[in-house]
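Visitor: A single structure is presented below for examination.
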There are 2 protein chains.
Amino acid sequence: MTTFICHTCRSKAVIRMRQHRLAFCKEHYLEWFTAQTERSIQKYGMFPRTARVLVAVSGGKDSLSLWDVLWRCGYETEGFYIHLGIHGLEDETDYSAQSAQYVRQFAQERNLKLHVVDVKKEYGKSIPELSRFSPKGKTKPCATCGLVKRHIMNQIALDLHNDVVVTGHNLDDEVAVLFGNTMNWQQEMLVRQSPVLAEYHGLARKAKPFCRFTEREVAAYALLRQIAYIYEECPFSRGSTTLYYKSILNQIEDSHPGSKLRFYSSFLKAREGGFFNSPEQDHPSQSFPAQLCPSCKQPTTRSGLCSFCSLITSQNPRKKIP
Amino acid sequence: MTTFICHTCRSKAVIRMRQHRLAFCKEHYLEWFTAQTERSIQKYGMFPRTARVLVAVSGGKDSLSLWDVLWRCGYETEGFYIHLGIHGLEDETDYSAQSAQYVRQFAQERNLKLHVVDVKKEYGKSIPELSRFSPKGKTKPCATCGLVKRHIMNQIALDLHNDVVVTGHNLDDEVAVLFGNTMNWQQEMLVRQSPVLAEYHGLARKAKPFCRFTEREVAAYALLRQIAYIYEECPFSRGSTTLYYKSILNQIEDSHPGSKLRFYSSFLKAREGGFFNSPEQDHPSQSFPAQLCPSCKQPTTRSGLCSFCSLITSQNPRKKIP
């Protein structure tokens, strides 16, 4: 087996990154990883040093590592966790309860402020229960879950007056989404995909500081920092198209190291350089947002209640939306 | 084994196309294939019924099948074959001589006019010889081969006053190129990729009537029509990125039938709808063509001799370019 040496100190390396032609020992990997995070934050103009940052944490390696890096870098952070009420399939562990435990432990150890929203307590039903009534949602609650998470994330950011919400999306997540949007040339989605979304008409500013790290690089950070996190993927993600695209992209990366980052970077460069015409610009009347939801006051393209409030009220006729 | 029945006559099918949810017997497959070729010609405005069509033939299944369909449909066609002088690697058959033989046989059987350009006879050196002097060309003459073929193809079309040159590129070829251009977001290439290229400042009109057929569909046509063709791929194509992308796309197609056609069609739709800004439009001074080559009179972006004439004269200082 070939031994690799640290790019910085020439001692034995613990991680090698073929796509960067780099290898590092533990100390210099952590240093590199932190510097690269800061670099992405600056490169994409995500948020300034003084920003009040809200970290969306799931209990997985990505979001907890992100919170850890930002905290170590001295950013003013607080976390929030959405308890989705996902219990796992038969014979499985309690996915949401376990991930909540990892998040609480992480915040306590570092004396960081954590906000928790329990979907069932707050809105009367868990994610699997909420999605049970939509035809597709019976087996795959992912669409409902996404809708609920986006709504709550935005609401918390607005309520707490944070400057930006950050999520732990890594390069593998980003390229899988990009790949899916490209395979179908979904123009609106391509125009929108970005490592940072500006605050816009009641939508909080959002950023993904880990967008240039592969999943493997983030996992190495979590491991070397001994961050305890939930290893299991959400039980509902099995067999998803995203996981399928990830496996295809891993194959390409294995045979052509650097493909993922090149795919993503050259896309962002093309997008920033104005290569895409926004399909929305031709139809200003259809552009977002049309109006505010009369119930939650968040922006919506629908007339009347937004998708989230419609979902909640249709299932809990007497439930007041907080 | 499941038996499939013909979509048209309900007899036993000989081919099933999952992505179209169609199966056909021999007779109705040939009928469908021919009608679909005509449909593509019309859909993309490739050429009118009365056009004088020059078919670029290589001796492979795609170009010979294309010539066969167009001939049967009553188009006025003539073919041209470029003898590249590729002899194959060790222990292999004479690739160019064999493919030339298939082309001649095809044209003779149908009493069709065939033009042959022998690169070595015409320009003093074969493709492997011409590419030997470029650093990359020693092992991979594909770039030189492409340059030479494009030049000769255009020259013949202009000399013979044909209305359009057609090539046998199939859907697999088109999506492999598209995939490569997308993985690196090569903007100029994405803007240009099209099933039809208009005549433009000394560049002949070009079209790809088989752009919506998979390789398998064309192979089935050749088989059912008993067209004799060269089975071997060019010996230099082994290990190429295009073949690698084809294998990846075949995997995706296997698990998600229709992916290739959806990827290609939605790309063309986005392109036609003006989704892409041409990177050239911002820099009219760099746009093509800048001038005509003083030697061959074909358009070129270079000042002085075009790439083709430079290649030929650098290797044959006293050779007159025809």
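Visitor: So which of A:LYS61/B:LYS246; B:LYS120/B:LYS206; B:LYS260/B:LYS297 end up more than 31 Å apart by C-alpha?
Guide: Cα-Cα > 31 Å for A:LYS61/B:LYS246; B:LYS260/B:LYS297; rest within.
Visitor: List the distances, in nm to one decimal, from the label point of A:HIS256 to the label points of the same position in every other copy, shortest first, placing each label point 7 Å from Cα along the Cα-to-Cβ direction.
Guide: Here the equivalent label points are 1.8 nm apart from this one.
Visitor: With labels modelled as points extended 7 Å from the Cα through the Cβ direction, what inter-label distance (nm, one decimal) is found for A:GLN226 paired with B:GLN19?
Guide: Roughly 5.3 nm, to one decimal.
Visitor: Largest first, what is the accessible-area ranking of A:MET189, A:MET183 with a 1.4 Å probe?
Guide: A:MET189, A:MET183
Visitor: For B:HIS115 and B:ILE5, calculate 0.36 nm times their separation in residues minus their Cα-Cα distance, and state this gained length in nm to one decimal.
Guide: My answer for the length gained is 35.4 nm.
Visitor: While we're here: Around B:ILE5, which amide H atoms from residues at least 5 apart in sequence, or from another chain, sit under 5 Å from its own amide H, with H modelled in the peptide plane?
Guide: B:ALA13
Visitor: Just the number, please: percent antiparallel of the DSSP beta bridges in region B:1-133, rounded to the nearest 5.
Guide: Here the antiparallel bridges make up roughly 25 percent for region B:1-133.
Visitor: Hey, another quick one. Explain nothing, just the number: dipole magnitude of region B:81-214 about its Cα centre with +1 on each Lys and Arg Cβ and -1 on each Asp and Glu Cβ, in debye rounded to the nearest 20.
Guide: 280
Visitor: Output the direction-averaged projected area (hull surface divided by four) of the convex hull of the alpha-carbon atoms of chain A, in nm².
Guide: Hull-based average projected area comes out at 18.2 nm².
Visitor: To the nearest 20 Debye, how big is the dipole of chain A about its Cα centre, given +1 on the beta carbon of each Lys and Arg and -1 on that of each Asp and Glu?
Guide: Magnitude of the dipole: close to 200 debye.
Visitor: Can I ask one more? Which of rounded, prolate, oblate describes region A:29-69, given a ≥ b ≥ c as roots of the alpha-carbon gyration tensor eigenvalues and a/c under 1.5 marking rounded, otherwise prolate only if a/b is larger than b/c?
Guide: Oblate, since a/c reaches 1.5 and b/c is not below a/b.
Visitor: Let me ask you something else. Once A and B are treated as a pair rather than alone, how much accessible area drops out, both sides summed, in Å² to 100, probe 1.4 Å?
Guide: Result for this pair: about 2500 Å² buried.
Visitor: Right, here's the next one. Scattering from the C-alpha atoms of region A:178-307 alone, worked out with Debye: what is log10 I(q)/I(0) at q = 0.10, 0.17 1/Å?
Guide: -0.49, -1.19
Visitor: One decimal, nm, shortest first: give the distances between the label point of B:THR242 and those of the same position in the other copies, each label point 7 Å from Cα along Cα→Cβ.
Guide: Output for B:THR242: 3.6 nm, nearest copy listed first.
Visitor: Oh, and also: Projected onto the charge dipole of chain B (+1 at Lys/Arg Cβ, -1 at Asp/Glu Cβ, origin at the Cα centre), which of B:GLN36, B:GLY74, B:PRO299 gives the Cα projection farthest towards the positive end?
Guide: Positive-end residue among those listed: B:PRO299.
Visitor: Summarise the partner chain shielding of A:178-185 as one whole number: the mean count of Cβ atoms from other chains within 10 Å of each residue's Cβ.
Guide: Whole-number average of other-chain Cβ neighbours for A:178-185 is 6.
Visitor: Sticking with this one: Between copies, how far apart are the A:GLU31 label points? List them in nm, one decimal, shortest first, with each point 7 Å from Cα toward Cβ, please?
Guide: 7.5
Visitor: For peptide A:263-271, compute the average count of partner chain beta-carbon atoms within 10 Å of each residue's beta-carbon.
Guide: Counting Cβ atoms of other protein chains within 10 Å of each residue's Cβ and averaging gives 3.
Visitor: What dipole magnitude, in Debye to the nearest 20, does region B:1-112 give about its Cα centre under +1 on Lys/Arg Cβ and -1 on Asp/Glu Cβ?
Guide: 860
Visitor: Moving on. Any idea how far the Cα center of region B:43-63 sits from the one of region A:1-23, in Å?
Guide: The two parts, judged by their Cα centres, are 54 Å apart.
Visitor: Setting aside same-chain residues fewer than 8 positions from A:LYS113, which aspartates and glutamates have a Cα under 18 Å from its Cα?
Guide: Leaving aside aspartates and glutamates fewer than 8 places away in the same chain, those within reach of A:LYS113 are A:ASP68, A:GLU76, A:GLU78, A:ASP159, A:ASP163.
Visitor: How much space per residue, in cubic angstrom, does the convex hull of the C-alpha atoms of the protein assembly as shown take up?
Guide: 222
Visitor: Assign one of three labels to region B:96-186, namely rounded, prolate or oblate, based on the Cα gyration tensor with a ≥ b ≥ c the square roots of its eigenvalues; rounded applies when a/c is under 1.5, prolate when it is not and a/b is larger than b/c, and oblate otherwise.
Guide: Cα axes put region B:96-186 in the oblate bin.
Visitor: Please give the average number of partner chain Cβ atoms lying within 10 Å of the Cβ of each residue in B:237-245, rounded to a whole number.
Guide: Rounded to a whole number, the mean comes out at 1.
Visitor: Here's a follow-up. Which percentage, to the nearest 5, of the DSSP beta bridges contained in chain A is antiparallel?
Guide: Of those bridges, close to 35 percent are antiparallel.
Visitor: Once you place label points 7 Å from the Cα toward the Cβ at A:LYS12 and A:THR241, how far apart are they in nm?
Guide: For the pair A:LYS12/A:THR241, the computed spacing is 4.6 nm.
Visitor: For the pair A:ALA143 and A:GLN291, what calculated FRET efficiency results from E = 1/(1 + (r/R0)^6), where r is the Cβ-Cβ distance and R0 = 22 Å, to the nearest 0.05?
Guide: So the FRET efficiency works out to roughly 0.45.
Visitor: Taking a ≥ b ≥ c as the square roots of the Cα gyration tensor eigenvalues, with a/c under 1.5 meaning rounded and otherwise prolate when a/b beats b/c, else oblate, which class fits region A:1-91?
Guide: oblate
Visitor: How do B:116-129, B:247-260 rank on mean C-beta neighbours within 10 Å, highest first?
Guide: The most tightly packed comes first, giving B:116-129, B:247-260.
Visitor: Separate question: Which of the listed residues, B:GLY85, B:MET153, A:GLY258, is farthest toward the dipole's positive end in the protein assembly as shown, when Lys, Arg count +1 and Asp, Glu count -1 at the beta-carbon?
Guide: Of the candidates, B:MET153 comes out farthest on the positive side.
Visitor: What's the ranking of A:75-84, B:56-65, A:298-307 by average number of surrounding C-beta atoms within 10 Å, highest first?
Guide: In decreasing order of mean packing, A:75-84, B:56-65, A:298-307 become B:56-65, A:75-84, A:298-307.
Visitor: With label points built 7 Å along Cα→Cβ from the Cα atoms of B:ARG216 and B:HIS87, find their separation and express it in nm.
Guide: A separation of 3.9 nm, rounded to one decimal place.
Visitor: Take the Cα atoms of region A:176-243, find their three principal axes, and give me the spread along each one in whole Å, biggest first.
Guide: 39, 30, 21
Visitor: Go ahead and estimate [θ] at 222 nm for chain A from helices alone: -39,500 (n - 2.57) per DSSP H run with n ≥ 4, summed, over the residue count, rounded to 500.
Guide: It comes out at -13500 deg cm²/dmol, rounded to the nearest 500.
Visitor: For A:HIS201, what accessible surface area do you get with a 1.4 Å probe? Give it in Å², rounded to 10.
Guide: Approximately 120 Å² of A:HIS201 is accessible to the 1.4 Å probe.
The values are calculated or read from the model by the stated rules, or taken from the named source; none is laboratory data. Values in this document were obtained by computation on a predicted structure and should not be read as measured data. When we count neighbours, we look across all protein chains shown, and the Cβ atoms used for this are built from the backbone with ideal geometry, even at glycine. Each accessible area value is taken on the protein alone, full model and side chains, heavy atoms only, with ligands, DNA and RNA left out. Shrake-Rupley method; radii C 1.70, N 1.55, O 1.52, S 1.80 Å.
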